[in-house]
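Undergrad: Just dropping this structure here.
The values are calculated or read from the model by the stated rules, or taken from the named source; none is laboratory data. Predicted model only: the values in this text are computed from it and were never measured. Neighbour counts run over all protein chains shown; Cβ positions are idealised from the backbone, glycine included.
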């Protein structure tokens, strides 16, 4: 039961910003490790799309999972298309609720 993973066009910028933030206080090795952890979490959604917390109060079908200790991945699942859509990724207390709402 593998789902395809799609990303909002701004998710790559989210990842860049996260790496940039971590670089400032923890260095390149830690930033790369956190990025790999986040990418692994995204990859796992292909096989386990219904993990995480349901947040229908934000929008219908919204799900959120923690990643890399301080990150949150916000996504939705489409069973008909067998797709997971990554809406945004935040880190270190960033307002993921507001950011996800802006991207819908």
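Undergrad: Evaluate the following for residue 72: is it part of a strand (DSSP E or B) and over 11 Å from the mean Cα position of the chain (by Cα)? Break it down into steps so the answer makes sense when it comes.
TA: Working: part of a strand (DSSP E or B): yes; over 11 Å from the mean Cα position of the chain (by Cα): no.
Answer is no for this residue.
Undergrad: Still on this structure: Of all residues in the range 75-97, which are over 20 Å from residue 18 (Cβ atoms) and not in a strand (DSSP E or B)?
TA: Filtering the range 75-97 down to residues over 20 Å from residue 18 (Cβ atoms) leaves 76-83.
Listed by number, the residues that qualify are 79, 80, 81, 82.
Undergrad: Does residue 27 satisfy the criteria of being surrounded by fewer than 17 Cβ atoms within 10 Å (Cβ to Cβ), in contact with a strand residue (DSSP E or B) (Cβ under 7 Å, 6 or more places away or on another chain) and at positive phi? Quick ask: steps written out before the conclusion?
TA: Numbers: surrounded by fewer than 17 Cβ atoms within 10 Å (Cβ to Cβ): yes; in contact with a strand residue (DSSP E or B) (Cβ under 7 Å, 6 or more places away or on another chain): no; at positive phi: yes.
Against the criterion (surrounded by fewer than 17 Cβ atoms within 10 Å (Cβ to Cβ), in contact with a strand residue (DSSP E or B) (Cβ under 7 Å, 6 or more places away or on another chain) and at positive phi), residue 27 does not qualify.
Undergrad: Is it fair to say residue 6 is assigned to a strand (DSSP E or B), touching a residue at least 60 places away in the same chain (Cβ under 8 Å) and either out of contact with any helix residue (DSSP H, G or I) (no Cβ under 7 Å at 6 or more places or on another chain) or more than 22 Å from residue 98 (Cβ to Cβ) (or both)?
TA: Values: assigned to a strand (DSSP E or B): yes; touching a residue at least 60 places away in the same chain (Cβ under 8 Å): yes; either out of contact with any helix residue (DSSP H, G or I) (no Cβ under 7 Å at 6 or more places or on another chain) or more than 22 Å from residue 98 (Cβ to Cβ) (or both): yes.
Against the criterion (assigned to a strand (DSSP E or B), touching a residue at least 60 places away in the same chain (Cβ under 8 Å) and either out of contact with any helix residue (DSSP H, G or I) (no Cβ under 7 Å at 6 or more places or on another chain) or more than 22 Å from residue 98 (Cβ to Cβ) (or both)), residue 6 qualifies.
Undergrad: Restricting the search to the range 67-96, which residues are surrounded by fewer than 17 Cβ atoms within 10 Å (Cβ to Cβ) and out of contact with any strand residue (DSSP E or B) (no Cβ under 6 Å at 6 or more places or on another chain)?
TA: If the condition is that a residue be surrounded by fewer than 17 Cβ atoms within 10 Å (Cβ to Cβ) and out of contact with any strand residue (DSSP E or B) (no Cβ under 6 Å at 6 or more places or on another chain), then 69, 78, 79, 80, 81, 82, 92, 93, 95 are the ones that fit.
Undergrad: Please verify whether the range 34-44 includes one or more residues that are free of Cβ contacts under 8 Å to residues at least 60 places away in the same chain, in a helix (DSSP H, G or I), more than 26 Å from residue 77 (Cα to Cα) and in contact with a helix residue (DSSP H, G or I) (Cβ under 6 Å, 6 or more places away or on another chain).
TA: Start the filter on the range 34-44 by keeping residues that are free of Cβ contacts under 8 Å to residues at least 60 places away in the same chain, which leaves 34-44.
If we keep only those that are in a helix (DSSP H, G or I) as well, we get 34-44.
Applying the additional criterion that residues be more than 26 Å from residue 77 (Cα to Cα) yields none.
No, the range 34-44 has no match at all.
Undergrad: Yes or no: residue 49 in contact with a strand residue (DSSP E or B) (Cβ under 8 Å, 6 or more places away or on another chain), in a strand (DSSP E or B) and at pLDDT 95 or above? Outline the logic, then answer.
TA: Numbers: in contact with a strand residue (DSSP E or B) (Cβ under 8 Å, 6 or more places away or on another chain): yes; in a strand (DSSP E or B): no; at pLDDT 95 or above: yes.
No: the conditions fail for residue 49.
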